[in-house]
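The values are calculated or read from the model by the stated rules, or taken from the named source; none is laboratory data. Note that the structure is predicted; figures quoted are calculated from it, not measured. For neighbour counting, all protein chains shown are included, and Cβ atoms are generated from backbone atoms with ideal geometry for every residue, glycine included.
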């Protein structure tokens, strides 16, 4: 089992107050956006070393293989994946044996219905302090929101890219090629790792009737969005190049939590 180190007992009430504030927002609205500076502050409240590998964490998106399961034939997405679990109450987690990712076509009409085998997230990233801090934060949040549930957790590294110049630019970069959707889980945590030479990529939250509720953009490193996937839909607009002479890149970590029997 893995649990985060703390920055001393005096930091716990302040960290806990921040967690409670997020839980109240997610409970009342079913979603929450938190700027990266605030995420950094919250993670450091629990562990002074929470982000000491953040540059290496960001580099973990480099060299990822193309997603070979894109039913639209797209070559704009790269991806790695890991499976974890957590007991009731949060606060700890463990890495499970590597396994495929699966969604039904009810939740993913584009790529669902098949077991998708992706390369694992690099060990240095998966076990580093940044990922550990994020997973522990997720456990603390969702352990409070659903204290009697154990969790099936999946972590996904996504790189959306647009390359080429002018008329040779390679297709549109779609962060959510399946459109407005739910993931078929309980909670979703989305975190910006980095983006460069990129415009658009605006996130929209929708109610269950697919009426828009709020829009925001994960723009800065550590910008985070949390959604209750049972209560809201979400989608992200395609990205484009700011400078047509350089690739546009959007690197995001998505961690999903699903009730585990």
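Has the stretch 150-166 got any residue that is in contact with a helix residue (DSSP H, G or I) (Cβ under 8 Å, 6 or more places away or on another chain), surrounded by fewer than 20 Cβ atoms within 10 Å (Cβ to Cβ) and in contact (Cβ under 8 Å) with a residue 24 or more places away in the chain? Checked against the condition, which is being in contact with a helix residue (DSSP H, G or I) (Cβ under 8 Å, 6 or more places away or on another chain), surrounded by fewer than 20 Cβ atoms within 10 Å (Cβ to Cβ) and in contact (Cβ under 8 Å) with a residue 24 or more places away in the chain, the stretch 150-166 yields no hits at all. The set of residues in the stretch 105-135 that are within 28 Å of residue 180 (Cα to Cα) and surrounded by 20 or more Cβ atoms within 10 Å (Cβ to Cβ) comprises 108, 118, 121, 131, 134, 135. The set of residues from the stretch 76-90 being surrounded by 14 or more Cβ atoms within 10 Å (Cβ to Cβ) and either in a loop (DSSP other than H, G, I, E, B) or touching a helix residue (DSSP H, G or I) at 6+ places or on another chain (Cβ under 9 Å) (or both) comprises 76, 80, 82, 84, 86, 87, 89, 90. Going by what's in this entry, would residue 176 be described as touching a residue at least 24 places away in the same chain (Cβ under 8 Å), closer than 22 Å to residue 120 by Cα and part of a loop (DSSP other than H, G, I, E, B)? Yes. Name the one entry in 71, 4, 11 that is in a helix (DSSP H, G or I) and either under 23 Å from residue 239 (Cβ atoms) or at pLDDT below 95 (or both). Result of the check over 71, 4, 11: 11.
Does residue 142 satisfy the condition of being modelled with pLDDT of 95 or more, in contact with a strand residue (DSSP E or B) (Cβ under 9 Å, 6 or more places away or on another chain), surrounded by 14 or more Cβ atoms within 10 Å (Cβ to Cβ) and not in a strand (DSSP E or B)? Considered against the rule, which asks whether it is modelled with pLDDT of 95 or more, in contact with a strand residue (DSSP E or B) (Cβ under 9 Å, 6 or more places away or on another chain), surrounded by 14 or more Cβ atoms within 10 Å (Cβ to Cβ) and not in a strand (DSSP E or B), residue 142 comes out as yes. Could you tell me whether the stretch 94-117 includes any residue that is free of Cβ contacts under 8 Å to residues at least 12 places away in the same chain and on the phi > 0 side of the Ramachandran plot? Yes, some residue in the stretch 94-117 is free of Cβ contacts under 8 Å to residues at least 12 places away in the same chain and on the phi > 0 side of the Ramachandran plot. Would you call residue 101 modelled with pLDDT under 95, more than 27 Å from residue 38 (Cβ to Cβ) and either surrounded by 14 or more Cβ atoms within 10 Å (Cβ to Cβ) or in contact with a strand residue (DSSP E or B) (Cβ under 7 Å, 6 or more places away or on another chain) (or both)? When the stated conditions are applied, residue 101 passes them.
So is residue 219 at pLDDT 95 or above, surrounded by fewer than 18 Cβ atoms within 10 Å (Cβ to Cβ) and either in a loop (DSSP other than H, G, I, E, B) or within 16 Å of the chain's Cα centre (by Cα) (or both) or not? Yes. If you go through the stretch 222-257 and keep only what is farther than 21 Å from residue 152 by Cβ, in a loop (DSSP other than H, G, I, E, B) and at pLDDT 95 or above, you end up with 222, 223, 237, 238.
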